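Written below as structure tokens is the structure these notes are about.
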Amino acid sequence: MEYIPGKTVGQRLEQAKSPQESEPIYWLIALALSELHRIPIVAESRPAAVSGGRMLHPFFDDRLAPIHYLDVQQLEEHINEVNYILSLILNRI
């Protein structure tokens, strides 16, 4: 990752004094996300951190995935299993 001098989006939004000043910032965020979505994903790729290690996300305990998923299907199955277990627990309460 490369350091790029300047303010973060959060800093710019904090400095905006009105919704009219915030709106162009949100448009730029939307444009950036749109451009990122245009990057093709290789069919054989698997969910992982940019470094290639286990993925990080608030969904996981300590934000770190418990395993290195082989593919998206394995990740989806894990999420569905956790969701099923949680629904059983919550239905008992």
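The values are calculated or read from the model by the stated rules, or taken from the named source; none is laboratory data. Please read all numbers here as calculations on a predicted model, not as lab measurements. A quick note on method: Cβ atoms are made from the backbone with ideal geometry, for glycine too, and the neighbour counts reach across all protein chains shown.
Observations on the model:
- Here the condition is being part of a loop (DSSP other than H, G, I, E, B), surrounded by 10 or more Cβ atoms within 10 Å (Cβ to Cβ) and assigned by TED's automatic domain parsing to the domain that holds Ile79; of Pro66, Pro58, it holds for Pro66 alone.
- Test: residue in the range 3-25 that is touching a residue at least 24 places away in the same chain (Cβ under 8 Å) and surrounded by 10 or more Cβ atoms within 10 Å (Cβ to Cβ): no
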